[in-house]
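Chemist: After the structure tokens below, expect a handful of questions from me.
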Amino acid sequence: MNYFLIQSIAIPFYKKNTGFFFVVLYVCFGLIRSNEHIAFANLLAQQPRLTVVVLICWVFYFILVQQSLSKTLHSSSYVFFRQIALLKKAPRLLQLFPTALVIALPPTAYGCFLLLFSIQQKGLYSAGILVVFLLVSMIGVAYYLSWRVTSPLNGKNSNQRKYPVKLQFNKPWYTWYLFSIMDNGKLLFWMTKLLSCALLLAIYRLYPTGTYDQRLLLLGILFAGYSQIMLVFDFWQFNQQYNVLQLMGLQKQYRSRQQLFFFIVAVIPELIIIIYFHPPNLAYILVPGNALFLVSLLFSTFTWIRKVHPDREALSKTSFYLGAIHLIAILFGIPGWGLALLHGAWSYFTSRSTPYHRSEKL
Amino acid sequence: MFSIQSYKKSYNGRTILSIPNLNLTTGIYWIKGVNGSGKSTLFQSIAQYIPHQGYFTLDAIRGDLSSRIFLKKLSYSEAEPQFPPFLTQKELLLFTAQCRGIDFKLMQELAELFSTTDYWNNPVHTYSSGMLKKTGLIMALAGRQSLVILDEPFTTIDDTSRDLLKKHIRTSQQKDGTMFLISSHEDAQAYALPYTASYEIKNQQLILCK
């Protein structure tokens, strides 16, 4: 049963949060260099108070875990999972513990790294705090899973189509678009915004230190771009599910224009950071290229999703594959404007025969 | 013996269904109602999926979420079962068998009976609605429960499976004394089942049909 639980809870969790893990990987292996990791681990061993920083990061991670699992386990395809309540409490927790362990793997791996250094530096106090927190968090996840699976569904079926603004025709239609981006979780939206802005800001502030090159700058933009994909996807999903706008007679061009307007409004913080913090030792000619790259990245992923399959599973997979291709391209020295150009051309040619366009023609 | 006491379910202040008192002995019970009358809501409440007012008692055990014995005594098949698309039927049945503590062979026999074994290693997203329905039915029918709740069991499945299901319901009821609560928007006579009583949900009330 252990493998079954990992397969049905832990793996979908990683798939659904691919974008987040991309950013984490970038921050851990791209932005922060190995010597900086070691320096931090040594400092942590000497100053146990610093463990608070690590613990705060982990708490944020477990909030993400809680949000994600809550949605998954209360979806209608997971109703069958409630049968796990038929097991006694102890065997149930025992069965769920390996799943909790897999879910908590990223903080555990980093925790083990810090732990080794703390032990090496005889910083036993810091090591103790880390061990206790890791154990508590893993047991906590197992308990949460056990409780969530058996808790009532609140009379709601989370897979049911729900209208974002309680579908009131007297409301101006543009509020529907605004709420459509909020519909999939306000917290997720604001967290994504905060994360992408913080990431860009961090890259631009660190860039003048001389240790970072243009490729890393592009990688940062790539990840900031990926964090916006959900936004584009929400617009698209809104159009697909709530086709009342189409039925109301609003023309495709008109709707597209409004969506583009809302999208630009949504990415203004990132654009401001790119323009305002652009390092003076870099030619400003790179700015439009980088900004274009960000936008075209979103557009190409979006068109691909529309072509392949309209669900979040496809979104995660597509983001992953596209991200991997971009990563390799950047590491081989392809500049931002080159990628932007390629994306623009590719999106133009692939967005022709989508089901959405076909329905428009009909 | 299954009883419902002071049951009431409301959504946004609007009462969907209210059952002050109902006692059922073993047998096959047919619950009829139009779409949206509250059949599935009642069944989900009995299976403790959704919160509600009032309580249910099965063989003198009061039903709530913490009552593992109560939950173990009943099984529920949804009208439109859904499963994670990447899982296979075999994995789902194995999970059910482990949770319910029943022999997997029983599951296998039922799967063979409903002719699903040819596809049971395929992921669920390749299944038709009939296959999904059969998967849900097998999960609910396997084992020896005191109460089996079937929400619109005869829709979407083929005629052969429908006959097999009817036969299985009859046998389980006669051999093991299992109680069945079956919902449908059609009349009980349409399916030629030896039902004990037929109820209809009308005006948020459960009314016994004559």
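Chemist: If I ask for residues that are under 23 Å from residue B:2 (Cα atoms), assigned to a loop (DSSP other than H, G, I, E, B) and among the hydroxyl-bearing types (Ser, Thr, Tyr), which ones from segment B:152-210 would you list?
Modeler: B:178, B:195, B:196, listed by residue number.
Chemist: Among what's in segment B:8-53 and is within 14 Å of chain A (Cβ to nearest Cβ) and of a type in the set (Phe, Trp, Tyr), pick the residue that is farthest from residue B:71 (Cα to Cα).
Modeler: B:11
Chemist: Within segment A:133-155, can you find the residues that are more than 14 Å from chain B (Cβ to nearest Cβ) and among the aliphatic types (A, V, I, L, M)? Talk me through it step by step, then tell me what you get.
Modeler: Initial filter on segment A:133-155 (more than 14 Å from chain B (Cβ to nearest Cβ)): A:133-145.
Selection gives A:134, A:135, A:136, A:138, A:139, A:141, A:142, A:145.
Chemist: Kindly provide the set of residues from segment B:24-50 that are in a loop (DSSP other than H, G, I, E, B) and either among the β-branched types (Val, Ile, Thr) or within 21 Å of residue A:87 (Cα to Cα) (or both), ordered by number. Walk me through how you get there before you give the answer.
Modeler: Step one: list which residues in segment B:24-50 are in a loop (DSSP other than H, G, I, E, B), which gives B:25-27, B:33-38, B:47-50.
B:25, B:26, B:34, B:47, B:48, B:49, B:50, listed by residue number.
Chemist: Residue B:13 passes all but one of (1) without any contact (Cβ under 8 Å) to a residue 60 or more places away in the chain; (2) of a type outside the set (A, V, I, L, M, F, W, C); (3) under 18 Å from residue B:198 (Cβ atoms); which number fails?
Modeler: Failed condition: (3).
Chemist: Can I ask one more? Tell me the residue from A:8, A:68 that is away from chain B (no Cβ under 14 Å) and either of a type in the set (Gly, Ala, Ser) or surrounded by 15 or more Cβ atoms within 10 Å (Cβ to Cβ) (or both), please.
Modeler: On the way: A:8 fails: away from chain B (no Cβ under 14 Å).
Unique residue meeting the criteria: A:68.
Chemist: Right, here's the next one. Does residue A:144 fit the bill of being among the aromatic types (Phe, Trp, Tyr), surrounded by 14 or more Cβ atoms within 10 Å (Cβ to Cβ) and modelled with pLDDT of 80 or more?
Modeler: On the way: among the aromatic types (Phe, Trp, Tyr): yes; surrounded by 14 or more Cβ atoms within 10 Å (Cβ to Cβ): yes; modelled with pLDDT of 80 or more: yes.
So residue A:144 passes the test.
Chemist: Can you find, within segment B:62-77, the residue that is modelled with the lowest pLDDT among those that are farther than 17 Å from residue A:84 by Cβ and crowded, with 16+ Cβ neighbours inside 10 Å?
Modeler: B:63
Chemist: If you don't mind, there's one more thing I want to ask. Do any helices (runs of 4 or more DSSP H) entirely within segment A:1-92 hold 2 or more residues that are more than 30 Å from residue B:101 (Cα to Cα) and either basic (Lys, Arg) or out of contact with any Pro (no Cβ under 8 Å at 6 or more places or on another chain) (or both), and if so, which? Even if it seems obvious, please write down each step before you answer.
Modeler: Details: elements: A:2-5, A:11-16, A:18-26, A:34-46, A:51-73.
Those helices (runs of 4 or more DSSP H) span A:11-16, A:18-26, A:34-46, A:51-73.
Chemist: Test residue B:136 against the criterion of being part of a loop (DSSP other than H, G, I, E, B), surrounded by 15 or more Cβ atoms within 10 Å (Cβ to Cβ) and small (Gly, Ala, Ser), and give yes or no. Talk me through it step by step, then tell me what you get.
Modeler: Details: part of a loop (DSSP other than H, G, I, E, B): no; surrounded by 15 or more Cβ atoms within 10 Å (Cβ to Cβ): yes; small (Gly, Ala, Ser): yes.
Criteria not met by residue B:136.
Chemist: Can you tell me how many residues in segment B:62-99 are assigned to a loop (DSSP other than H, G, I, E, B) and either within 7 Å of another protein chain (Cβ to nearest Cβ) or of a type outside the set (A, V, I, L, M, F, W, C) (or both)?
Modeler: Our first condition is that a residue be assigned to a loop (DSSP other than H, G, I, E, B); within segment B:62-99, this holds for B:63-67, B:73, B:78-87.
Retained after the next criterion (residues that are either within 7 Å of another protein chain (Cβ to nearest Cβ) or of a type outside the set (A, V, I, L, M, F, W, C) (or both)): B:63-67, B:73, B:78, B:80-85, B:87.
Total meeting the criteria: 14.
Chemist: Among the candidates B:173, B:189, which residue alone is more than 19 Å from residue B:108 (Cα to Cα) and free of Cβ contacts under 8 Å to residues at least 12 places away in the same chain?
Modeler: Details: B:173 fails: free of Cβ contacts under 8 Å to residues at least 12 places away in the same chain.
Of B:173, B:189, the one residue that is more than 19 Å from residue B:108 (Cα to Cα) and free of Cβ contacts under 8 Å to residues at least 12 places away in the same chain is B:189.
Here's the yes/no breakdown for (1) at pLDDT 75 or above; (2) among the hydroxyl-bearing types (Ser, Thr, Tyr); (3) at positive phi:
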| residue | (1), (2), (3) |
| --- | --- |
| A:102 | yes, no, no |
| A:115 | yes, no, no |
| A:122 | yes, no, yes |
| A:129 | yes, no, no |
| A:132 | yes, no, no |
| A:157 | no, no, no |
| A:162 | no, no, no |
| A:196 | yes, yes, no |
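Chemist: For segment B:100-119: of the residues being part of a loop (DSSP other than H, G, I, E, B) and of a type in the set (S, T, N, Q), which is farthest from the other protein chains (Cβ to nearest Cβ)?
Modeler: Filtering segment B:100-119 down to residues part of a loop (DSSP other than H, G, I, E, B) leaves B:101-103, B:114-116.
Cutting the leftovers down to of a type in the set (S, T, N, Q) gives us B:115-116.
Numbers: B:115: 21, B:116: 16 Å.
Residue satisfying both the conditions and the ranking: B:115.
Chemist: So is residue B:181 surrounded by 19 or more Cβ atoms within 10 Å (Cβ to Cβ) and farther than 22 Å from residue B:197 by Cβ or not?
Modeler: Numbers: surrounded by 19 or more Cβ atoms within 10 Å (Cβ to Cβ): yes; farther than 22 Å from residue B:197 by Cβ: no.
So residue B:181 fails the test.
Chemist: Next up: Could you check, for segment A:46-64, whether at least one of its residues is facing chain B (nearest Cβ under 10 Å) and of a type in the set (A, V, I, L, M, F, W, C)? Outline the logic, then answer.
Modeler: Narrowing segment A:46-64 to residues facing chain B (nearest Cβ under 10 Å): none.
The answer is no, given that none of the residues of segment A:46-64 is facing chain B (nearest Cβ under 10 Å) and of a type in the set (A, V, I, L, M, F, W, C).
Chemist: Within segment A:76-90, can one find any residue that is farther than 20 Å from residue A:131 by Cβ, facing chain B (nearest Cβ under 10 Å), over 25 Å from the mean Cα position of the chain (by Cα) and surrounded by fewer than 17 Cβ atoms within 10 Å (Cβ to Cβ)? Spell out the reasoning first.
Modeler: Taking segment A:76-90 first, the residues farther than 20 Å from residue A:131 by Cβ are A:76-90.
Subset that is facing chain B (nearest Cβ under 10 Å): A:76-89.
Now narrow it down to the ones that are over 25 Å from the mean Cα position of the chain (by Cα): A:79-89.
Now narrow it down to the ones that are surrounded by fewer than 17 Cβ atoms within 10 Å (Cβ to Cβ): A:88-89.
Within segment A:76-90, one or more residues are farther than 20 Å from residue A:131 by Cβ, facing chain B (nearest Cβ under 10 Å), over 25 Å from the mean Cα position of the chain (by Cα) and surrounded by fewer than 17 Cβ atoms within 10 Å (Cβ to Cβ).
Chemist: Tally up the residues in segment A:91-132 that are surrounded by 16 or more Cβ atoms within 10 Å (Cβ to Cβ), more than 10 Å from every other protein chain (Cβ to nearest Cβ) and more than 28 Å from the chain's Cα centre (by Cα), please.
Modeler: 8
Chemist: Can you name the condition, by its number, that residue B:200 falls short on among (1) over 15 Å from the mean Cα position of the chain (by Cα); (2) touching a residue at least 60 places away in the same chain (Cβ under 8 Å); (3) within 23 Å of residue B:132 (Cα to Cα)?
Modeler: (3)
The values are calculated or read from the model by the stated rules, or taken from the named source; none is laboratory data. Computed from a predicted structure; not experimentally measured. Here the Cβ is made from the backbone with ideal geometry for all residues, glycine too, and neighbour counts use every protein chain on show.
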